[in-house]
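What follows is a set of notes on a single structure, which appears directly below.
The values are calculated or read from the model by the stated rules, or taken from the named source; none is laboratory data. On a predicted model such as this, the values are computed, not experimentally measured, just so you know. No Cβ is skipped: glycine too gets one built from the backbone with ideal geometry, and neighbour counts run over all protein chains shown.
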Amino acid sequence: MSERRIYIVRHAIAEEQSASGRDQDRALTADGKKKMKRAARGLATLGVLPERIVTSPLVRARQTADIVAEAFPGVPIDLCETLAPGVDERALTRVLNQRYAGLSVALVGHEPDLSELLSYWLTGSRHAFETRFKKGAVACIAVDDLPPTGKAVLEWFMTAAQLGAVAP
């Protein structure tokens, strides 16, 4: 298997409470959409090129994935129940290795799962590498083989504001 990139994206700023009162229905705010559009343009400026966008099914993550997709026309979006809050890192790793083997993908999800996934893929443990994804932040890892047989390399980690600063 050749080296590929996995872009780990936290959803953008979302409303505190949805009209339904259900967490899974929380939508992005106008400010969250605006900042994420700029961050997505920054990703394109950096030369990021996912072959697939894989997203949690929750509304705020799907909306973030749609915004990211606008910066990469033609890149398909796949809903992935495994990316919903409470991610099982081994199950998601299997999904990536089976369904997306060899592809560079952008994963859109939630905290604290994304920080724990990043730690797992870098070290083999969910808690060995401490970090926090701000809303709209993106980490890029390079990987030949994910744990338990391999490990990733962190290439960069940027906030939405940093990505927006490089956008045209």
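Miscellaneous remarks
- Any hit, the stretch 54-62, residues being touching a strand residue (DSSP E or B) at 6+ places or on another chain (Cβ under 9 Å), of a type in the set (Ser, Thr, Tyr), assigned to a helix (DSSP H, G or I) and surrounded by 14 or more Cβ atoms within 10 Å (Cβ to Cβ): no
- Residue within the stretch 106-114 that is buried (at least 18 other Cβ atoms within 10 Å of the Cβ), without any contact (Cβ under 8 Å) to a residue 40 or more places away in the chain and either not in a helix (DSSP H, G or I) or not aromatic (Phe, Trp, Tyr) (or both) present: yes
- Whichever residue in the stretch 26-36 is surrounded by fewer than 20 Cβ atoms within 10 Å (Cβ to Cβ) and in contact with a strand residue (DSSP E or B) (Cβ under 7 Å, 6 or more places away or on another chain) and, among such residues, is farthest from Ile13 (Cα to Cα): Ala27
Per-residue answers, yes or no, for (1) among the basic types (Lys, Arg); (2) more than 14 Å from Asp66 (Cα to Cα); (3) touching a His at 6+ places or on another chain (Cβ under 6 Å):
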residue	(1), (2), (3)
Ile6	no, yes, no
His11	no, no, no
Asp23	no, yes, no
Arg41	yes, no, no
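- No other residue among Ala39, Ala69, Ala65, Ala139 is touching a strand residue (DSSP E or B) at 6+ places or on another chain (Cβ under 8 Å), assigned to a helix (DSSP H, G or I) and touching a residue at least 60 places away in the same chain (Cβ under 8 Å) apart from Ala39.
- Filtered by the rule that a residue be surrounded by fewer than 20 Cβ atoms within 10 Å (Cβ to Cβ) and in contact with a Phe, Trp or Tyr (Cβ under 8 Å, 6 or more places away or on another chain), the stretch 117-142 gives Ser119, Leu122, Thr123, Arg126, Thr131.
- Selection count, the stretch 1-36, where residues are of a type in the set (A, V, I, L, M), outside any loop (DSSP other than H, G, I, E, B) and over 16 Å from the mean Cα position of the chain (by Cα): 1
- Test set (1) modelled with pLDDT of 95 or more; (2) closer than 25 Å to Ser119 by Cα; (3) surrounded by fewer than 19 Cβ atoms within 10 Å (Cβ to Cβ) - His11 fails condition number: (3)
- Among the candidates Ala65, Ala40, Ala61, Ala69, the residue that is within 15 Å of the chain's Cα centre (by Cα) and within 17 Å of Val166 (Cβ to Cβ) is uniquely Ala40.
- If you go through the stretch 72-81 and pick out every residue that is outside any loop (DSSP other than H, G, I, E, B) and either touching a strand residue (DSSP E or B) at 6+ places or on another chain (Cβ under 9 Å) or buried (at least 20 other Cβ atoms within 10 Å of the Cβ) (or both), you end up with 3.
- So Ala165, is it within 24 Å of Lys34 (Cα to Cα) and surrounded by fewer than 17 Cβ atoms within 10 Å (Cβ to Cβ): yes
- Residue that is nearest to the chain's Cα centre (by Cα) [pool: residues in the stretch 82-105 that are within 18 Å of Ala142 (Cα to Cα) and outside any helix (DSSP H, G or I)]: Val105
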